[in-house]
Ligand SMILES: Nc1ncnc2c1ncn2[C@@H]1O[C@H](COP(=O)(O)OP(=O)(O)O)[C@@H](O)[C@H]1O
Ligand SMILES: [Mg+2]
C-alpha cells in the first residue's frame, strides 16, 4: 500500500531559450510510516518535486496521487483543503508567522480548518510537548532559537494527522547540534508515530536518519536505496558520487 | 474568522508608527465631515425653532403664505367653519434688542393677543401675577406677560417696567404676569394685548396669525381641510412656514463642507492604499506560509480587509471625537460671527443621524475600499511565489492601464468644463482630480526626470538615487503625489475663491453704499424679525442740518415655489439718486424708473438664479391682499441683499399689496460743503431715540464689513491648513516605508562609504521630488477648481470678478515645500542612524 505516489511527474519552467526541465518523468511511491530523504546537487529538482507533491504547484505532465486521489487535477480551493488536512510542511526559511506565538503557529492548520481556537490551542500545546517544547508555547518566533523554531514547524506539520510530511532542507539553516536534534525528531515522527516523511537534505549525516534515500540529478531519479544503517547510507552516497 | 481577526489585530499592533500615521489620515477626513456638519443642523434647527415655536399647543395656526400681516376679518371666516370651537387673532413679531437695552437677550418675540379669546385656544398657565385683561387695551395700561424662565433670564420681577423698541421709538411695558411655560431659546415671548402690539409695530388693525381651537372629538384632518377651503390659498394652515432662504444657504454650506470632507478622505484613501501595498509586499512570506498550511484565498483577502476595517473603525472613532471638538471650537467662532449678521440665538452643536451615518460609512468605507486593491493582489499570490526570496513589483502592469484610464478621465473633464454648464463643470472637477490621481503613475517617470534635474544641481549624486527610488515604485509615488495634489488643489481653490469673493463684495459695497450715512437695524437679514420705524425717523433724519438726499428701504416677504422671497420696497427716484444697483447684463439704470408703475419688480441675481425668471418674465406672487401678477423689469444687485433672493418694488406697491409702511433701512447723504462732523453728531442723537437702529457712517460701516470678511478669511485659511495636513502625513508615511523597505540597500551604501549626510540628502531629495510632483498637478487642479467655484457662485447670481489665485499658489508652494522638508526630517534621521551590520542582515 502506498500513501503518496507520482507517475511520470514532469515540470517544465519557461519556454524557448529559458526553458528548464526541472522534473523529468519522475515515478516515486511512498509507504505509510516511511522516512525518505531526497539528495542531489543544487538545481536538480528536489524542491520542485516536494512542491508538486504538496500541491503548492501544478505539474506540466503526470500525476500526484495522494490517498488514492489525483491532486494534479484539483482546483485551487480543493488543493488548499488537501494541504490543510493531509499534508504537513516544514521549510528552511519563513516557517512561522512572526506575530503569532509558538502555540498559535502550531495550531494554524486546525484553526484554518474550523476547529474552535481553544481546542486547537490545547492540541497545539500537546503537540509542542511531544516535540520537546513544553515551556515555550507562549513565546513569539523571534524569542526562539532556530532549532526551537523548526520544532514548532514540525509540531504544526503534524497537528492535523497528515498523510505526508514534506520537509525541504529543514536543517539547512541550523547548527550541527540542532540539526541532529531535528533529524532525530523526524525519525521519531516516522518510526514511533507512523507518519510518512519526504525530506530534502544536503547533509549525509541527516540523511542517514532516513529509511530510504532517493538520489536525483537533472530532474531524474538516479538511485533509490533502502538503508539499514549508516554504513549502507554511506555506500549509497558514494555510489551517487556525493561523498 | 477568528484567526483572521487575531492576525489582523496582531499585525496592526505590530506596526505602531505606521498604524498611527495611516489612522491619522482617516481621523482628519472624518473630523472634517463630522465636525463641520455638526454645526449646521443646530443653526438650521434654531431658525426653524424660532419659527415653529409660535405653533405651540394650539390646535390650528393660520398664517399668511407671504408671512406678512392680513385683515382681521379672516378670523370670522375661520370661526364659521364647522368643528372650530374658538378663534383668536394675534400679531407676532421678532424684535432685535439693542445692545444697551439692559435686557440680557439679543432678540425677543412680541406677541399681541386678545385677552378674551386667547385662553380659549391656548393655555396660559399663570405662575404669578395676573392674566392680561381687556381693560389693558385702553392704552393707558401697558401690561405684559412672559414665562417665569424668561423673566428670570431678563432679571425682571412682577410690577417692574422694561423698554422695548417699537415703530415709534420705544415702548415701556410693565410685567404683570408670569407663565409656567418653557422659554424656547431664540423665541422667548413677551405677550401684550393685540392693540398694544399693533401700535408698537404700526400695522393698523392687521394681524399676522389666527389661532383656532377645535370642538372635542372633531376630525382634525377634515376641519383643517375645511378651514383651508374657507380662506383660500393665500394662507398657510397648520404649521408656520419653516423654509427660508437662510436655511437653503446653510444647506449649500453643508454641501460644500461635505465635498471638502470627501476630498480630505480621498487623501486618506491614497495614504491607506500605499500603506497596504507595502504591508502586502512585506508580508509575502507570511502569506505564502499561510497558503501552504491551508489558508484559502478568501482567508487572505479577509485578513487584509479585516485589518483595514479595524483601522477604519479606529480612525473613524477617533475622527468622530476630533470632529466633535472641531464642531465646538468652530461653532463658538462662527456663532459669534453669525450673531453679528443675523442675530440668531447661540446654537448648540448637533449631530443628525445622517451626519453620523455619512461620517461612519465614508470613514470606514474609504479605508476598506482603499485596502481592497492591495488585499486582492495579496489573495492572488500563489504560495510558491510568496516563499521565493526575490520580490518583484506586482503593480507595474496595472499602473499603466490605470494611467491611461486616468488620462481619458482628464480629457472628459476638460470637455466638461468647456461645455459651460455649471453642473457639468462641478462634476468635471471631481473627474479631473480622479483622472490626475490615476494618470499620475504614468507621469511619475517623465516628471521626476524633469524635477530631479533641479535637485541634482544641488545634491548631485543623491538626487539621482532619489529619482531612481521613486521610479522603482511609480504606484507608491503616484498615490503619495496624489494626496499632496489634493491638498494643494484645495488650498489654491479655497484661497482663490475667498479672494475673489471679498473683492466682489468690495465692488458691490463701493457702489451700493455710496451714501455717507446708513441707519439700519442691528439684525439685517432676518427680514421678518426686524422692527421698522414709522415716518418719524425718516423725517427727523431729513430735517437734520447738513443732510441732503435721503432714501429708505422697506421689507416684506412673499412665497414662490414654496420658498420665501424677500420683497424690498424702495422709492425708485430717491433710491436711484442716492444709491443704485450693480446691474446684471441686459439691465440698466433705465429699468429703475419702470418700477414706478404698479405691477413691476426688479429682481436680484440670486433670485434669477434660483427661480430662473429674468427680465420680461411675469411672476404670480401671493400677497396679504391676494395673488398679484408682477412683471420683472430688470435685474440688479445691491450689497445688503446680495445673498438673499430679493424682489424690489416701489414703496407704494409695498404698501398697497403688503400693507408695509415702516422703514427698515435709511440711507442719507451729507449736503456738499456742510459740516459732516456736526451732521454726524446730530444724527447720532436722533438715532439714539430709536434703540433698535444703529447709525453707521459709511467709512465705519465698511470697516465693520471688512472686519467680518477678515474673520471669514481667517477661517478659510485655518481650513486650508487643516486640509494640508494629510499631505504631510502622506509624505511622512511613504518616506518611512521607503526607508524600511530599503534598509539593506542603505546598509550597503553605508558599507561602501556613503556618509550619513548623503543618506539624509537622499531621503530629503525623495521628499522634495514627491512634493514637486504633487505640487505640479495640484496647482493645475487648484486653479481649475477655483475657476469652477467662481462659475458656481456666478451660477447663484453673484457675478464675481475672476482673479488668478496668485496668493493661493504662493501659499501652496510654500506649504508644499516646507511640508516636504518637515516630512523628511524623521525618516532621514532614521535612515542615517541605521547600524550598518544590522541593516545588511535585515530581511
Ligand atoms: N519558478 C521557476 N521558474 C523557472 N525556473 C525554475 C523555477 N523554479 C525552479 N526553477 C528551476 O528548476 C530547476 C530545479 O529547481 P529546484 O527544484 O528548486 O532545485 P533544487 O531544490 O534541487 O535545488 C532549477 O534549474 C531551477 O532554476
Ligand atoms: Mg531546493
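Coordinate-derived values only; no laboratory data. These numbers were taken from a predicted model, which means no experiment stands behind them. Ideal geometry is used to build each Cβ from the backbone, glycine not excepted, and the neighbour counts take in all protein chains shown.
Figures for the structure shown
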item	result
Whether chain A is rounded, prolate or oblate, judged on the alpha carbon gyration tensor where a/c under 1.5 counts as rounded	oblate
Cα-based Rg / Dmax (Å) for region B:523-691	16.4, 50
For A:97-103, mean number of other protein chain Cβ atoms within 10 Å	5
Extension reserve of the residue B:678-residue B:13 stretch, reckoned as 0.36 nm per residue once the Cα distance is removed	231.9 nm
Mean Cβ neighbour count within 10 Å, used as a protection proxy, ranking B:771-781, B:277-287, A:193-203 highest first	B:771-781, B:277-287, A:193-203
Region A:39-136, relative contact order [Cα under 8 Å, separation at least 6], %	16
Mean projection area, nm², convex hull over Cα of region A:95-151	3.5
Rounded tilt (10° steps) of A:102-112 against the dominant C-alpha axis of chain A	70
Exercise: per-residue mean of other protein chain Cβ atoms within 10 Å, A:44-57	2
Extension gain, residue B:356 back to residue B:835 (0.36 nm per residue minus Cα-Cα distance, nm)	167.6 nm
Computed FRET value (nearest 0.05) for residue B:221 with residue B:127, which takes r as the C-beta separation and R₀ as 51 Å	0.90
Spin-label zone in region A:93-136 - amide nitrogen under 20 Å from a point set 7 Å from the Cα of residue A:75 along the C-beta vector	A:113-114
Average other protein chain Cβ within 10 Å of Cβ, residues B:4-13	3
Ranked packing of B:656-664, B:748-756, most packed first, by mean Cβ within 10 Å	B:656-664, B:748-756
On Cα atoms only, tilt of A:117-130 relative to the major axis of chain A in degrees	70
Residue B:180-residue B:707 FRET efficiency (beta carbon distance; Förster radius 45 Å; 0.05 resolution)	0.55
Estimated inter-spin distance, residue B:321 and residue A:139, nm [label 7 Å along Cα→Cβ]	3.7
Taking B:487, B:714 and counting other C-beta atoms within 10 Å, the order from fewest to most	B:714, B:487
Likely footprinting exposure, B:150, B:621, fewest C-beta neighbours within 10 Å first	B:621, B:150
Length-normalised contact order of region A:95-151 in % [C-alpha pairs under 8 Å, at least 6 apart]	48
Value of [θ]222 nm, deg cm²/dmol, for chain A, DSSP H segments ≥ 4, -39500 (n - 2.57) each, nearest 500	-11000 deg cm²/dmol
Rounded if a/c under 1.5, otherwise prolate or oblate - region A:1-128, Cα gyration tensor axes	prolate
Estimated FRET transfer efficiency (residue A:119, residue B:411; beta-carbon r; R0 56 Å; 0.05)	0.40
Sequence of B:722, B:26, A:159 once ranked by neighbouring C-beta atoms within 10 Å, starting from the fewest	B:722, A:159, B:26
Cβ crowding within 10 Å averaged over residues, with B:728-739, A:46-57 ranked highest first	B:728-739, A:46-57
